[in-house]
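The values are calculated or read from the model by the stated rules, or taken from the named source; none is laboratory data. What you see is a predicted model, and the numbers here were worked out from it, not measured in a lab. Here the Cβ positions follow ideal geometry from the backbone for every residue, glycine too, while neighbour counts run over all protein chains shown. For accessibility, only protein heavy atoms count, side chains too; no ligands or nucleic acids. Shrake-Rupley method; radii C 1.70, N 1.55, O 1.52, S 1.80 Å.
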Amino acid sequence: MQESVTITDNRTGQSVEIPIVDGGVSATEWSKLLPGLWFYDPGFSATAECESAITYIDGDAGILRYRGYPIEQLAERSTYLEVAYLLLHGELPTDAQLAGWVDEITHHTYIHENMRKRFLEGFHYDAHPMGMLVSAVGALSTFYPEAKHIDDDDVRHKQIVRLIAKMPTLAAAAHRFSVGLPFVYPDNSLSFAENFLSMMWKTAEPRFQADPALARAIDLLFILHADHEQNCSTTAMRVVGSSHADPYSACAAAVAALYGPRHGGANEAVLRMLTAIGTIDAVPDFVRSVKEGHGRLQGFGHRVYKNYDPRAKIIRKAAYDVFEVTGKNPLLDIALKLEEVALADEYFIARRLYPNVDFYSGLIYQAMGFPLETFPVLFAIPRTAGWLSHWAEMLEQQTKIARPRQLYTGQAERDYVPIERRS
Ligand code: ACO
């Protein structure tokens with residue numbers, strides 16, 4: 001027997017029975033019974049905005065899968081570019097498909113000289129790299145005006161390749177500009193992660209070769225951040241994309257959403273918190289003050305995960321590989337103690353608060369020398385694959401333009417008052 005819910009309008013006594021499909025009920029069916037009555041759901045906490053076959057999360061069990069593959073297996077055995085292919089196409093690539101995909105991405109990493117010399121160099125000398133990235137991604141639409149032909153499969157594919165390939169170049173360029181270093185051109189002989197590190201850190205040496213453990217750590221972090229279903233920035237991408245704007249404009253909106261401290265900026269907050277705690281001995285007092293309502297334990301808790309975030313587990317383990325090369329980040333011991341104290345505390349147990357992806361990622365970035373301002377930029381590079389996968393999926397589904405309703409709480413009709421008669 002199919003599961004269903006029945007809703008009754010107590011004003012009229014009329015009912016409608018709605019089947020439960022894939023864990024949801026159709027709002028269209030509800031609206032047939034209740035036309036003109038809107039579902040009030042701030043923050044979309046109880047709303048499924050779309051159907052999607054890309055990423056599965058079970059927040060209670062701490063499960064994350066891309067296209068059915070557990071994140072743990074992808075983290076151990078895949079690469080970011082292979083994962084990007086998987087997210088976009090739904091299947092892992094064959095040898096030939098992967099080679100073709102990597103080749104395509106590698107040969108689209110350059111940005112137009114005007115973008116670098118005139119556009120990026122026009123920013124104020126201390127511009128935040130994320131602010132530069134938002135603008136630069138939007139500006140790409142003026143360099144590739146054909147991008148607006150979103151119904152053409154070849155055009156769509158070309159822009160997907162360009163965005164994934166150029167994002168590290170733009171991110172590194174934004175960082176170099178903000179610290180007064182010259183731009184480094186992409187090096188096609190390097191892997192995706194190595195090339196990014198070269199564009200970030202190269203100085204006078206003829207060729208920059210990143211430490212393999214660090215390049216692997218960056219690639220791993222890119223895998224873990226590649227998608228997370230309908231988060232704030234992906235929703236921004238879908239909402240803007242639903243108006244049939246070109247993908248650069250939609251992606252600029254997604255980067256802007258990620259810029260916010262509630263979304264892409266939490267790992268920075270973790271580092272500031274650990275620095276403020278200062279010593280292991282200060283941890284119990286800090287936890288006590290959080291319980292008394294003085295701020296939050298940054299990097300703990302999640303809207304969806306009510307269990308250990310599976311990405312945090314993987315990052316915690318990877319941190320040790322990075323520290324072997326860079327030396328241990330002194331904040332690690334404070335983080336480990338904080339986790340131990342919090343996970344044994346009734347307050348955090350009762351509220352099901354566990355470390356999330358941001359709890360350990362900042363420690364790795366900091367140990368590798370990334371300034372705090374680049375943390376959200378490091379998030380935007382891999383999430384581009386997720387944004388574009390959702391954008392392409394939405395266009396295939398012929399979705400309607402995103403246009404929610406509101407509950408109006410303002411004034412009733414009233415007459416205009418001339419300014420001399422206003423008190
Ligand atoms: N520290 C202390 N208490 C917390 C924390 C925390 N980090 N997170 C939630 N709580 C408490 C709340 O005070 C509340 O307690 P109450 O019931 O006594 O009022 C209860 O747990 C539920 O909290 P909500 O805010 O309702 O949970 P919500 O799902 O809306 O918030 C969020 C999730 C925003 C992530 C929250 O846990 C938080 O602020 N965490 C710290 C910031 C952070 O790490 N953000 C990164 C998220 S991951 C990402 O975006 C990539």
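Some notes on this structure:
- Dipole-positive endmost among V102, L92, Y259 within the chain (Cβ charges, Cα centre): Y259
- Other residues lying with their Cβ under 14 Å from the Cβ of G265 contribute a combined charge of +1, Lys and Arg counting +1, Asp and Glu -1.
- Choice from Y56, Y185, Y408 showing the highest fluctuation, given a GNM over the chain with Cα pairs closer than 10 Å: Y408
- For the chain, the Cβ-based charge dipole about the Cα centre amounts to some 1060 debye (Lys, Arg positive; Asp, Glu negative; other atoms uncharged).
- Positive dipole terminus of the range 71-259, leading residue within L74, P168, G138 (C-beta point charges): G138
- Length gained when the stretch E146-D22 is fully extended (0.36 nm per residue, less Cα-Cα span): 40.9 nm
- For K166, a cut-off of 19 angstrom between C-alpha atoms picks up these lysines, skipping any fewer than 8 places away in its own chain: K117, K148, K158, K202.
- Net +/- balance of residues flanking F379 in space, Cβ distance below 15 Å, scoring K and R +1, D and E -1: -3
- Carbon/sulfur fraction of accessible area - the range 71-259, other protein chains in place, 1.4 Å, %: 55 percent
- For the range 4-58, the share of accessible area belonging to carbon and sulfur comes to 54 percent (1.4 Å probe, ligands and nucleic acids excluded).
- Solvent-accessible surface of the range 265-423, taken per residue with a 1.4 Å probe and all protein chains present: 54 Å².
- Relative to its Kirkwood radius, the Cα radius of gyration of the chain gives an Rg/Rh of 1.01.
- Most mobile listed residue (N114, N231, N188) in the chain, GNM with C-alpha springs under 10 Å: N114
- Between R156, R351, R383, the Gaussian network model of the chain with springs among Cα atoms under 10 angstrom shows the greatest mean-square fluctuation at R351.
- Exposed GluC sites (Glu not before Pro) absent - longest run of the chain, DSSP non-H/G/I/E/B, at most 12 other C-beta within 10 Å: 92-291
- Where Cα atoms sit under 16 Å apart: lysine pairs in the range 266-367 separated by 8 or more or lying on different chains: 4
- Size estimate for the range 266-367 follows the Kirkwood approach: the inverse of mean 1/r over distinct Cα pairs works out to 13.6 Å.
- Once the 1.4 Å probe is applied to the protein heavy atoms, the range 4-58 comes out at 72 Å² accessible per residue.
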